[in-house]
Structure formats: structure tokens, C-alpha cells
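All remarks here apply to the structure that follows.
Bear in mind that the values in this text are calculations on the coordinates, not laboratory data. Because the structure is predicted, anything quoted here is derived from the model rather than measured. As a convention, Cβ positions derive from the backbone with ideal geometry for all residues, glycine included, and neighbour counts pool all protein chains shown.
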Amino acid sequence: MTSFLTHRARVHDARLPLHRRHSALRTCLTVFAPYGLRATYHHLTLSAAIPRRLEANPDALARAVEELHEARMLWLLRADEYAAQRRAEKQAGRRAVPNPRPWWLQSWWESPDRAWYEDPFRHPSLRLSEYVRRQNAILDGAEPPGCPACGDEGPRVLSSTGHGWVELCRRCARALAPCPCGQRHRFVPETPFNWNEIWRRAHMSDDGTPNPHWPAG
Ligand SMILES: [Zn+2]
Ligand SMILES: [Zn+2]
């Protein structure tokens, strides 16, 4: 728990070299990353406008870690409530974990959001706190319209699994209707990605907007 706050402070520390502040942001993401580490990092590069050369706008790192921190606080509150509720249920003799599991306890390979782990470019574009609020509301029984993850209400996209079809959200690629076999299948990115390039923000320009010349060729 202190790890996140310690590293958050490092991201803000203007006395540190920028590459250290950047790697502190990564450490924060290993602790909390609602879209998965890589997709959450990609999201933050866009939402906080992290330039390709960090020197071009060092404040972007602080914006990124604050967006993450804000969402984590909301999640911590709900996770505490959940833990208290589970303790009470166990005392009342209800030991089984309720289904569906809360969003933060699902493993990525059996999650409908598996695509975000296999293609860092696919994830909701919601601010992270909005995403956490939305997921918490769903956990509390709300049924907001559209894709449960991102709210998109457009037509779904069919994707073949070789023996059946999965219906995906056209925007975030969440599986809205699973393959009839009941398994979650691998999501194959439309364009192959290179994580090192994303990490170095090859997809961004120095002014913090997406790089129009990427990917090259
Ligand atoms: Zn979606
Ligand atoms: Zn299948």
C-alpha cells in the first residue's frame, strides 16, 4: 500500500531525473492498473498527453499518476466495503464467493476484457475514475446502457474463434457475448504491437498528441 504512495511521490519529485520519475509511474501501474498494465499505460499517454520526449512536458507524468491515484482511491473505498461485507457474510455462514466476482478479482484470461491484456491499444477511453465508478455501480446492481466497460451503444463487432463467434464492443473490444463453447479466447491485435515502442511512446508526438506518422510503413 505504501509502495503506490511512495512511488507516486517519486513521480512528482522534480529533483529526480525524468527517466526515474517515469519508471516510478510504471511501479504504480504494477500496483493498480484498471485496464491492465500495458493498456492503462497506453491510456495515460493519451489522457495525460505524455510526450514522446519526456523533457518536452515533465508535468505530464504528474498528471498521469494523479489520474491513476484518483481512480485507486475510489477502488480502495469499494474494496474495503466489499471486504467488510464478505466478513459479515462468512460470519452468517455464507462462505461461497458471490458470482460474478467483483471486477478487480477477475483474472484477465477469464475476463470479458481479456482483449485489453492482449492488445494495449484496446481499452475504454473513459477517465480511469469514471471507469472505476461505472464498475462499482454495476457491482452494486446498476445496469447502465451500452457496453458495461465503456458505455458504447453502437453495433457490436463479430469476431470468429474458428468454431464460433464472439460479439465484441466495437470500441474497447470487450466480449459482450461469449463464444458458445464458454471459453475466453485469445484476442489477436489488428496491428501487431511492440511493447517497447509503446513504452517509449513512439505513438506520441512531442506536443503530447498522437504521432500521425506512427506506425511507420
Ligand atoms: Zn466497450
Ligand atoms: Zn470457443
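Each helix, a run of at least 4 DSSP H residues, gives -39500 (n - 2.57); summed and divided by the residues of the chain, these come to -13500 deg cm²/dmol at 222 nm. Placing dummy labels 7 Å off each Cα toward the beta-carbon, the span from V31 to D140 is 2.6 nm.
Whole-Hz Karplus values for region 113-124 come out as 9, 3, 3, 5, 7, 9, 9, x, 7, 9, 5, x Hz, taken residue by residue from phi with 6.51 cos²θ - 1.76 cosθ + 1.60 and θ = phi - 60°; glycine and proline positions read x.
What does the C-alpha gyration tensor say about the overall shape of the chain? Classify as rounded when a/c is under 1.5, otherwise prolate if a/b is larger than b/c, or oblate. Oblate shape, in that a/c is at least 1.5 and b/c is the bigger or equal ratio. Between R20 and Y82, the FRET efficiency estimated from the beta carbon spacing at R0 = 30 angstrom works out to 0.30. Loop-only GluC sites (Glu not before Pro) in region 84-164, please: DSSP not H, G, I, E or B, and at most 12 other Cβ atoms within 10 Å. When the GluC sites (Glu not before Pro) of region 84-164 are filtered for loop state and at most 12 Cβ neighbours within 10 Å, E153 remain.
Annotation: amide H of L176 within the under-5 Å range of E167, L168, C169, sequence separation 5 or more or interchain, hydrogens built in the peptide plane.
Full extension of the chain between D207 and L46 gives 56.8 nm of extra length, using 0.36 nm per residue less the Cα-Cα distance.
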